[in-house]
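Scroll down for the structure; my scribbles are underneath it.
The values are calculated or read from the model by the stated rules, or taken from the named source; none is laboratory data. Being a predicted model, the structure only gives us computed values, none of them experimental. So basically every Cβ, Gly included, is an ideal-geometry build from the backbone, and we count neighbours across all protein chains shown. Quick note on the areas: whole protein, heavy atoms, side chains included, nothing else; ligands and nucleic acids left out. Shrake-Rupley method; radii C 1.70, N 1.55, O 1.52, S 1.80 Å.
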Amino acid sequence: MDPADLVQRYGERVTHVERVPAREAVVEPWPDWIHPAVRDMYAAEGIDTLWGHQAEALHHVHAGRHTVISTGTASGKSLVFQAPALTGLAGGRSGSSLHGNRMPTVLYLAPTKALAADQLRRLAGAAAFARPATVDGDNSREERAWARDHANYLLTNPDTLHHSILPAHARWARALGGLTHVVVDECHHYRGVFGAHVAHVLRRLRRICAHYGADPTFVLSSATVSEPEVFAARLTGLEVVPVTEDSSPHAARTIALWEPPLMPGTDPSGNPTAGPVRRSATTEAGELLTDLVIGRVRTLAFVRSRRGAESVASTAQRRLGEIDPELVGRVATYRGGYLPEERRELERRLRSGDLLGLASTNALELGIDIAGLDAVITVGFPGTRAALQQQFGRAGRSGRSSIGILVARDDPLDTFLVHHPEALLGAPVEASVFDPDNPYVLGPHLAAAAQEIPLTEADFAVFGPRSAEGVAALEDAGWLRKRPAGWFWTKRERASDLADIRSSGGSPVQIVDAGTGRLIGTVDGGSADSTVHEGAVYVHQGDIHVVDEYDVDHGIAIVHRADPDYSTMARSVTEIAVTETERTTPWGAAAMSFGSVEVVNQVVSYLKRSTTGGGILGEELLELPARTLQTKAVWWTLDAAAVAEALEHDDVPGAAHAAEHAAIGLLPLLATCDRWDIGGVSTALHADTGTLTVFVYDGHPGGAGFAERGYDVAPRWLRVTRDAIAACECQDGCPSCVQSPKCGNGNEPLDKAGAIRLLDAFLAGAPT
């Protein structure tokens with residue numbers, strides 16, 4: 001079955017089909033400096049020549065230049081960092097100077113354990129000169145000791161580097177002092193607050209390498225991103241050379257954009273209403289996966305959540321059971337939370353062709369080499385065009401034509417993209433956004449660095465312009481003490497524990513089963529009030545629980561298994577104050593500003609919503625503390641006369657609220673964020689501005705760079721927002737335009753028509 005033929009069956013659900021023609025390769029010879037044993041290893045894999053971009057990147061790495069290669073999926077980026085690193089291990093010591101007589105070593109960093117394990121598998125042919133080992137949370141004590149004492153090619157992740165290797169650097173001196181190359185694979189995933197943390201982990205690594213006399217060459221691999229050299233330089237603190245011209249071949253590919261059909265809405269009694277509701281994207285994807293598996297099309301479906309991945313797979317299995325029971329066992333789910341051996345077995349079955357369909361979270365997105373896939377289904381826009389290209393690139397590696405299908409969720413951004421394919425398929429990829437100077441990120445890493453090796457003024461150049469200020473603050477707090485040799489860490493605690501590099505804010509809250517006392521999971525402190533408050537319905541790996549008790553002080557939620565006929569949604573009140581206006585651009589009667597804000601949020605109640613009719617069953621009050629967030633925001637204002645001209649007085653709150661929701665939903669089109677990374681407040685009259693104001697703020701202490709990106713691209717951002725609202729088929733507003741799944745006010749009030757008029761007024765004086 002040709003998977004491209006499938007899209008013709010579904011009529012209007014397919015909003016756009018684009019065919020990408022095949023591309024011929026540009027071939028170059030291997031350079032002479034690659035060690036013969038390394039050449040032989042690749043020759044055994046059938047690699048006798050290089051593609052043009054590989055040859056270019058190898059030239060830079062051999063010259064000792066820090067290099068980022070940013071090309072498409074399956075373009076051979078791994079060879080660019082493996083070949084010179086392995087040449088160093090085989091005796092060439094390319095691209096680095098070593099102190100004394102230390103033997104060369106290599107450090108490989110990946111965002112996930114699965115990707116590091118896949119890279120380890122690829123090194124099997126280098127056993128004659130490479131002693132590779134993974135170092136992560138899956139290691140036994142004996143395995144980690146062997147890696148520390150004997151391995152010369154360490155594969156790990158930023159978390160392990162931050163918490164285990166750097167704090168104990170004296171025990172890892174053999175490996176760190178011999179480093180010739182540091183590989184940062186799939187580096188485009190380091191964005192937002194996570195990216196800022198990883199940037200400082202890499203700076204701490206560079207500092208310790210220098211302490212032991214090593215000066216490694218950094219080689220970064222990335223999916224296509226905007227200005228990769230700027231991004232890589234911000235991540236590493238080094239000058240980086242980019243390689244971006246992809247000269248690898250690829251087979252023809254079909255891309256289809258897919259919108260689930262509208263279904264009538266219902267009121268609490270189950271009666272039809274005027275409000276349209278779209279069919280679930282996961283249901284659509286499950287049925288689409290079924291059809292592809294029946295046609296023996298090897299398919300990978302990417303779903304954003306664990307529960308969604310399970311739903312897609314179970315839908316396909318249920319339908320296959322009705323049509324061809326022999327195929328049920330050839331569909332499975334892959335997600336985080338599985339044991340390592342379970343993940344490896346699923347990867348093996350997918351590579352061998354035993355599995356025809358796999359529904360996965362992005363655990364399988366990160367470069368795992370699976371040849372032979374024919375189709376990829378992406379359920380919901382994955383956040384960036386680069387990520388979508390990465391996912392679609394999983395298929396077609398065998399040289400056969402392939403298809404990539406984006407199934408839109410009921411979401412403003414997804415709806416906009418499937419109706420504006422030029423914004424998705426014809427536009428340049430996004431800029432990756434993060435802020436290493438965020439004081440809430442910088443401070444903990446300065447503390448960790450001081451515990452590793454006392455800080456000196458020379459280190460301020462490593463950690464950036466705000467590091468002197470950060471050290472002074474830590475000294476004032478009594479955490480650092482100045483001595484002639486530098487600033488020393490004064491506490492007994494491990495300083496690296498101050499920074500949870502993947503946290504979205506606050507210590508995690510533990511979720512405990514009341515019946516067994518078993519820990520069933522955790523939730524970030526920043527979202528705990530709204531997800532595990534008393535009475536909340538909480539879903540964990542498909543199992544439904546109700547929260548009996550939420551202990552805010554000790555960070556524990558006690559739950560029991562249940563099957564209620566309702567879901568819950570927290571309601572909150574939010575106040576925002578401007579603490580510093582850093583930049584302002586006038587737009588006639590409007591103005592766009594960026595600066596620092598204080599956000600005070602308090603969860604005050606929760607709604608019970610029927611899972612059958614969808615209606616509200618009741619509201620329960622809560623007594624939870626107010627939470628204060630110091631962060632960055634972008635905000636736009638409109639003077640009173642322009643507001644009065646555009647809107648009736650009673651329409652202003654709903655119009656501003658709807659515009660705020662839609663703007664939050666569309667900012668991920670222009671910045672590498674998710675709508676859950678940002679928040680918003682709209683008000684008809686704000687105390688600090690004296691007029692109508694709409695705020696969009698970073699949902700992380702100190703900011704994450706998203707709001708600043710919004711300020712930089714504000715005219716385009718608000719025009720896209722206005723057009724998306726206007727183009728939506730609904731009459732009064734729906735999840736595809738102005739309703740938000742995270743609204744603390746239950747999506748009230750909202751005025752879709754008023755939002756369009758208000759945005760027109762904002763944009764009347766905006767730059768073109």
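Of all DSSP beta bridges in the stretch 467-608, what percent run antiparallel (nearest 5)? Bridges in the stretch 467-608 are about 90 percent antiparallel. Amide H contacts for residue 64 (H built 1.01 Å from N in the peptide plane; partners 5 or more residues away or on another chain; cut-off under 5 Å): none found. Residue 566 to residue 626: FRET efficiency via 1/(1 + (r/R0)^6), r the Cβ-Cβ distance, R0 30 Å, to the nearest 0.05? It comes to 0.65. If the segment from residue 400 to residue 493 were pulled out straight at 0.36 nm per residue, it would be longer than the present Cα-Cα gap by 27.9 nm. Here the Debye sum runs over all C-alpha atoms of the stretch 125-249 as equal scatterers in vacuum, and log10 of I(q)/I(0) at q = 0.11, 0.20, 0.21 Å⁻¹ comes out as -0.41, -1.22, -1.30. Contact order normalised by length for the stretch 597-657, with contacts defined as Cα pairs under 8 Å and 6 or more residues apart; what percent is it? For the stretch 597-657, the relative contact order is 33 percent.
Fully extending the segment from residue 63 to residue 619 would add 193.6 nm, taking 0.36 nm per residue of separation and subtracting the current Cα-Cα distance. In a solvent-free Debye calculation with one equal scatterer on each Cα, what is log10 I(q)/I(0) for the stretch 550-646 at q = 0.20, 0.23, 0.24 Å⁻¹, listed in the order of the q values? For the requested q values the scattering log ratios are -1.02, -1.15, -1.19. By the Kirkwood approach, averaging reciprocal distances over each pair of separate Cα atoms, the stretch 632-763 gets a hydrodynamic radius of 14.5 Å. For the peptides 635-645, 30-40, residues were scored by their other Cβ atoms within 10 Å and the scores averaged per peptide; the highest-first order is 635-645, 30-40. Taking 0.36 nm per residue of separation and subtracting the current Cα-Cα distance, fully stretching the chain between residue 128 and residue 170 would add 12.3 nm. Tell me the mean residue ellipticity at 222 nm calculated for the chain from its helices only (DSSP H runs of n ≥ 4, each -39500 (n - 2.57), averaged over every residue, nearest 500). After summing the helix terms and dividing by residue count, I get -9500 deg cm²/dmol. Expressed as a whole percent, the accessible area of the stretch 499-579 that falls on carbon and sulfur atoms is 44 (1.4 Å probe). List the relative contact order of the chain as a percent without decimals, with contacts defined as Cα pairs under 8 Å and 6+ residues apart. Here the relative contact order equals 12 percent.
Spatially, the stretch 478-520 and the stretch 400-419 are offset by 40 Å when compared through their Cα centroids. Helices assigned as whole DSSP H runs in the chain whose Cα atoms extend at least 27 Å along their own long axis and whose mean Kyte-Doolittle hydropathy is -1.0 or higher are found at 192-211. Spin-label model, residue 211 to residue 644: label points 7 Å out along the Cα-to-beta-carbon direction sit 6.6 nm apart. Charged side chains reduced to their Cβ positions (Lys and Arg at +1, Asp and Glu at -1) give the chain a dipole of some 2580 debye around its Cα centre. Ordering 654, 558, 480 by the projection of their Cα atoms onto the charge dipole of the chain, which places +1 on the Cβ of Lys and Arg and -1 on the Cβ of Asp and Glu, puts 480 at the extreme positive end. Normalised by residue number, the volume inside the convex hull of the Cα atoms of the stretch 183-267 is 162 Å³ per residue. Between the stretch 458-474 and the stretch 132-167, how many Å separate their Cα centres? So the separation of the two Cα centres works out to 29 Å.
Distance between the pseudo-spin-label points of residue 477 and residue 230 (7 Å out from Cα toward the beta carbon): 3.2 nm. In the stretch 114-161, inverting the average of 1/r over every pair of distinct C-alpha atoms gives 11.0 Å as the Kirkwood radius. Among the cysteines of the chain, 187, 209, 673, 743 have no other cysteine beta carbon within less than 4.7 Å of their own.
The packing ranking, built from the mean of other Cβ atoms within 10 Å per residue, places the peptides 241-250, 573-582, 106-115 in the order 106-115, 241-250, 573-582, highest first. The stretch 573-596 and the stretch 633-665 have their alpha-carbon centroids 14 Å apart. Per-residue Karplus couplings for the stretch 672-685, computed as 6.51 cos²θ - 1.76 cosθ + 1.60 with θ equal to phi - 60°, are listed in order as 7, 9, 10, 4, 7, 7, 10, x, x, 9, 10, 8, 5, 8 Hz, Gly and Pro entered as x. Secondary structure note: in the chain, about 60% of the DSSP beta bridges are antiparallel. Each distinct pair of alpha carbons in the chain adds a 1/r term; the inverse of their mean, the Kirkwood radius, is 27.8 Å. The share of alpha-carbon pairs in the stretch 192-321 lying farther apart than 22 Å comes to 65%. Ligands, DNA and RNA left out, the 1.4 Å accessible surface of the stretch 163-221 is 50% carbon and sulfur atoms.
Normalised by the number of residues in the stretch 407-537, the average gap of Cα pairs under 8 Å and 6 or more apart makes the relative contact order 17 percent.
Ordering 438, 463, 539 by the projection of their Cα atoms onto the charge dipole of the chain, which places +1 on the Cβ of Lys and Arg and -1 on the Cβ of Asp and Glu, puts 463 at the extreme positive end. The H on the amide N of residue 223, modeled in the peptide plane, is under 5 Å from the matching H of 187, 188, each at least 5 residues off or on a different chain.
The packing ranking of peptides 554-565, 181-192, highest mean first, is 181-192, 554-565, where packing means the average number of other beta carbon atoms within 10 angstrom of each residue.
Computed from the C-beta positions of residue 26 and residue 354, the FRET efficiency with R₀ = 25 Å rounds to 0.10. Across every direction, the projection of the convex hull enclosing the Cα atoms of the stretch 427-476 has a mean area of 4.4 nm².
In the context of the full set of protein chains, the chain has a per residue accessible area of 40 Å² (1.4 Å probe).
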